[in-house]
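The values are calculated or read from the model by the stated rules, or taken from the named source; none is laboratory data. Bear in mind the structure is a predicted one, so any value in this text is a computation, not a measurement. A quick note on method: Cβ atoms are made from the backbone with ideal geometry, for glycine too, and the neighbour counts reach across all protein chains shown.
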Amino acid sequence: MASYISKFDRPNITGRLSLLLIALVLGTAGCAKTRNDNGSGSNGGHTDSAASSSTPASVPPAAVAAGTPTTWEANATSLKSEDGKTMILACSPNGEPHTVWGSDIYTSDSSICTAAVHSGLITFQQGGTVTIELRPGLKIYGASERNGVTTSSYGGWQQSFVFKSAKTEAQVRAAEESTAVLCNTGAAIAPFEAGKTLKFTCPPNGTSGSVWGTDTYTLDSSICTAAAHAGKITLETGGLVTIEMRPGEPSYKGSTRNGITTKDYEKYDSSFVLK
């Protein structure tokens, strides 16, 4: 009887051990399935959490945001890129000023980092990261003094750039409507076209520039001073002025009006009037 019981007890023990092993195997398989469902296993999905990012694992997001290191001498022409392209650039600290043409819309051969200081995005001392957009060229570029940087006006150029940021958005829109000029900027910066009207923005607290004529002024006369002479603005307040280009006059007569004295001149090939 003892041997009979032993014969049947051993299979029961073996069966219980088998059931235990099966449970362990199923439990392990269940964990593996869970990992695969989360995209971490080897069958389907990403192999690790870094690979699931839209940024490649080899390029940390911070490095992408930092932008391409750019010298203060560098201009957009050197980037050799097409219109519509945007780029993130990093200007180093302790920069030195370089030449800039334009105001909010700049010629492509202007110093990018110096223009960024002019726009109020960075400082010479701290540098910083900026985003530019390349644009088609303009027939005229303005000039203004801001944040310790005075830019220069220019005529036609083949390519431009602007800064893309919430801070500069309104400034760029304003520059598209009207060209900023300094007090001594003459209308001759624009290509002459009889009958063409142009809008300019004169700065406040300006000083008087040279003007020849009365009501009709030589094209090389100071736009803002002529506007003050004509009573359209004052040099103290500045403001928006519109001129119309006209053919030249055989002579120009000076006068004193609104605290501004203009000069006589002989024949000059092109003129403008205030609208």
Worksheet item: Restricting to segment 90-121, what's the tally of residues that are within 14 Å of G67 (Cα to Cα) and β-branched (V, I, T)?
Response: 1
Worksheet item: Among the candidates L138, L134, which residue alone is touching an Asp or Glu at 6+ places or on another chain (Cβ under 7 Å) and under 20 Å from E169 (Cβ atoms)?
Response: L134
Practice prompt. May I ask you to say which residue of E193, E244, E249 is without any contact (Cβ under 8 Å) to a residue 40 or more places away in the chain and outside the structural domain of A143 (by TED's automatic domain parsing)?
Written response: E249
Worksheet item: Do you know which of the residues in segment 165-188 that are modelled with pLDDT of 95 or more, among the polar types (S, T, N, Q) and out of contact with any Asp or Glu (no Cβ under 9 Å at 6 or more places or on another chain) is farthest from E236 (Cα to Cα)?
Response: S165
Item to complete: Kindly provide the set of residues from segment 131-149 that are in a strand (DSSP E or B) and hydroxyl-bearing (S, T, Y), ordered by number.
Response: T131, Y141
Discussion item. Here is a check on your reading of the model: is D104 within 11 Å of the chain's Cα centre (by Cα) and closer than 30 Å to S222 by Cα?
Written reply: yes
Worksheet item: Any chance segment 116-130 includes a residue that's assigned to a helix (DSSP H, G or I) and over 26 Å from A187 (Cα atoms)?
Response: yes
Worksheet, complete the sentence: Scanning segment 228-251 residue by residue, those crowded, with 16+ Cβ neighbours inside 10 Å and hydrophobic (A, V, I, L, M, F, W, C) turn out to be A228, A230, I233, L235, V241, I243, M245
Practice prompt. Kindly indicate whether any position in segment 91-107 is touching a residue at least 40 places away in the same chain (Cβ under 8 Å), crowded, with 16+ Cβ neighbours inside 10 Å and assigned to a loop (DSSP other than H, G, I, E, B).
Written response: yes
Worksheet item: So which residues in segment 216-235 are in contact with a helix residue (DSSP H, G or I) (Cβ under 9 Å, 6 or more places away or on another chain) and in a loop (DSSP other than H, G, I, E, B)?
Response: L219, D220, S221, K232, I233, T234, L235
Item to complete: Please go through segment 188-215 and pick out each residue that is more than 31 Å from the chain's Cα centre (by Cα) and part of a loop (DSSP other than H, G, I, E, B).
Response: A194, G195, S208, G209, S210, V211, D215
Discussion item. Of all residues being closer than 30 Å to E193 by Cβ, among the β-branched types (V, I, T) and in contact with a helix residue (DSSP H, G or I) (Cβ under 9 Å, 6 or more places away or on another chain) in segment 136-175, which is surrounded by the most Cβ atoms within 10 Å (Cβ to Cβ)? Just the residue, please.
Written reply: T151
Fill in: Residues (touching a helix residue (DSSP H, G or I) at 6+ places or on another chain (Cβ under 9 Å) and part of a helix (DSSP H, G or I)) located in segment 176-187
A187
Item to complete: Select from segment 252-275 the residues that are without any contact (Cβ under 8 Å) to a residue 40 or more places away in the chain and of a type in the set (S, T, Y) and write down the one among them that is surrounded by the fewest Cβ atoms within 10 Å (Cβ to Cβ).
Response: T256
Fill in: Residues located in segment 80-138, provided they are small (G, A, S) and either touching a Phe, Trp or Tyr at 6+ places or on another chain (Cβ under 9 Å) or not assigned by TED's automatic domain parsing to the domain that holds G67 (or both)
S92, G95, G102, S103, S108, S110, S111, A115, A116, S119, G127, G137
Discussion item. I'd like the full set of residues that are basic (K, R) and farther than 26 Å from A174 by Cβ, limited to segment 232-264.
Written reply: R246, K253, R257, K263
